[in-house]
Amino acid sequence: QVQLVESGGGLVQAGGSLRLSCAASGRTSMGWFRQAPGKEREFVAAFDWSAGFTKYADSVNGRFTISRDDVKNMVYLRLNSLKPEDTAVYYCAAGTYPLTTTLIKYWGQGTQVTVSS
């Protein structure tokens, strides 16, 4: 059983930055999804724990960076150049790379990111 605990969300102005953290209780490929009000949950970024591959949604590529800390068993999502349309609840996820929705085994509880214009 993998337990995911997220932290780091908050309110930030457009153009600002945040770092989200996810503490995992097991070593597995991990990633981030987000869900804005009235919209479906969408993929943001994924990290292949064994091979080190990463992938990003086109909407965040070049602005967001996913990384890991092997010692602490943590996964991070650095959000730079934030836009109001990045406002959403961000969910940490664990499963099998490339972490399409059907490959997710575990979800975190979510952390709110709000970007003001």
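Before moving on, here are some points about what is shown:
- Here segment 50-61 is the region considered, the condition is being assigned to a loop (DSSP other than H, G, I, E, B) and not small (G, A, S), and the residue that is nearest to the chain's Cα centre (by Cα) is V60.
- Of all the numbered requirements in (1) surrounded by 13 or more Cβ atoms within 10 Å (Cβ to Cβ); (2) on the phi < 0 side of the Ramachandran plot; (3) touching a strand residue (DSSP E or B) at 6+ places or on another chain (Cβ under 8 Å); (4) not aliphatic (A, V, I, L, M), S59 misses one, and that requirement is (3).
- Within segment 49-61, residues that are closer than 13 Å to R78 by Cα reach partners that are open to solvent by 60 Å² or more (accessible area, probe 1.4 Å) and part of a loop (DSSP other than H, G, I, E, B) with beta carbons closer than 9 Å, at six or more positions or on different chains, in the pairs Y56/G62.
- The set of residues in segment 19-49 being under 14 Å from G108 (Cα atoms), crowded, with 18+ Cβ neighbours inside 10 Å and of a type in the set (A, V, I, L, M) consists of L20, A24, M30.
- Summed over segment 62-108, the residues that are crowded, with 16+ Cβ neighbours inside 10 Å and in a loop (DSSP other than H, G, I, E, B) give a count of 5.
- When residues in segment 19-49 are screened for being under 23 Å from Q3 (Cα atoms) and either assigned to a strand (DSSP E or B) or within 14 Å of the chain's Cα centre (by Cα) (or both), 21 of them pass.
- Conditions (1) more than 14 Å from the chain's Cα centre (by Cα); (2) under 14 Å from V113 (Cα atoms); (3) open to solvent by 60 Å² or more (accessible area, probe 1.4 Å): number failed by G16: (3)
- Condition check for T101: under 14 Å from the mean Cα position of the chain (by Cα) and farther than 27 Å from A14 by Cα: yes
- Extreme residue, modelled with the lowest pLDDT, among residues of segment 64-98 that are charged (D, E, K, R) and farther than 25 Å from Q13 by Cα: D70
The values are calculated or read from the model by the stated rules, or taken from the named source; none is laboratory data. Every value quoted in this text rests on a predicted model; they were computed, and no experiment measured them. A quick note on method: Cβ atoms are made from the backbone with ideal geometry, for glycine too, and the neighbour counts reach across all protein chains shown. Areas reflect the complete protein model, heavy atoms only, side chains present, ligands, DNA and RNA absent. Shrake-Rupley method; radii C 1.70, N 1.55, O 1.52, S 1.80 Å.
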